[in-house]
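Chemist: Just passing along the structure, written as structure tokens.
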């Protein structure tokens, strides 16, 4: 693992929730909710459902859509 990734992983592992400023936590919450919303809406797009069908026909296992 690169030095930068090691430092980031260590920071994440060692930082407590309480150490993160409330404004940063709120912004992260909004970004997460926005991202999940975009993923959910995008999963209903014709291109995505078409790709899911192709994967199923090709023998993909597990959830594709």
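Here, each number is a calculation from the coordinates, and none is a lab measurement. Computed from a predicted structure; not experimentally measured. Positions of Cβ are generated from backbone atoms using ideal geometry, with glycine treated the same way; all protein chains shown enter the neighbour counts.
Chemist: Which of 44, 35, 15 moves the most in a Gaussian network model of the chain with Cα springs under 10 Å?
Modeler: The residue with the greatest mean-square fluctuation here is 15.
Chemist: Follow-up question, since we're still on this one. Give the calculated FRET efficiency between residue 20 and residue 56 to the nearest 0.05, with a Förster radius of 30 Å applied to their Cβ-Cβ distance.
Modeler: 0.15
Chemist: Just to be sure I understand: with springs between alpha-carbon atoms less than 10 Å apart, which residue in 13, 46, 28 has the highest mean-square fluctuation in the Gaussian network model of the chain?
Modeler: The residue with the greatest mean-square fluctuation here is 13.
Chemist: Which residue fluctuates the most in the chain, going by a Gaussian network model with Cα springs under 10 Å, if the choices are 48, 12, 38?
Modeler: Of 48, 12, 38, the most mobile in the Gaussian network model is 12.
Chemist: If you don't mind, there's one more thing I want to ask. Rg to Rh for the chain: what is it, with Cα atoms only and Rh by Kirkwood?
Modeler: 1.20
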